[in-house]
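Here the structure is laid out as structure tokens; the discussion comes afterwards.
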Amino acid sequence: MKKRCCIVCGKPLKNGIIVNGKGVCLNCEQKIIKVNMDTDFYKYYKDCIKKFIICPWIRGEDRRCQIYHL
């Protein structure tokens, strides 16, 4: 099984969140939550998310979503 890495810092993912199969480590997740919108860090985090999570959806990459029956 391939080890997942954080899409922001590139370190091996031990904890954090998984969005669309891509991981964000707990440290980067906390930084994203606290960052001010008028900083370069905000743009960097936004670009990482766009590159690894949003853009594959836009390009039409196959999304396999699990359907939950309630």
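The values are calculated or read from the model by the stated rules, or taken from the named source; none is laboratory data. This structure is a prediction, so every number in the text was calculated from the model and none was measured. Keep in mind that these areas ignore ligands, DNA and RNA; they rest on the heavy atoms of the full protein, side chains included. Shrake-Rupley method; radii C 1.70, N 1.55, O 1.52, S 1.80 Å.
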Accessible heavy-atom area order of Cys5, Cys28, highest first, probe of 1.4 Å: Cys5, Cys28
List Leu13, Leu26, ordered by accessible area with a 1.4 Å probe, largest first: Leu26, Leu13
All-pairs alpha carbon distance profile, the stretch 1-47, 5 Å steps from 0, percent: 5, 23, 29, 23, 13, 5, 2, 0
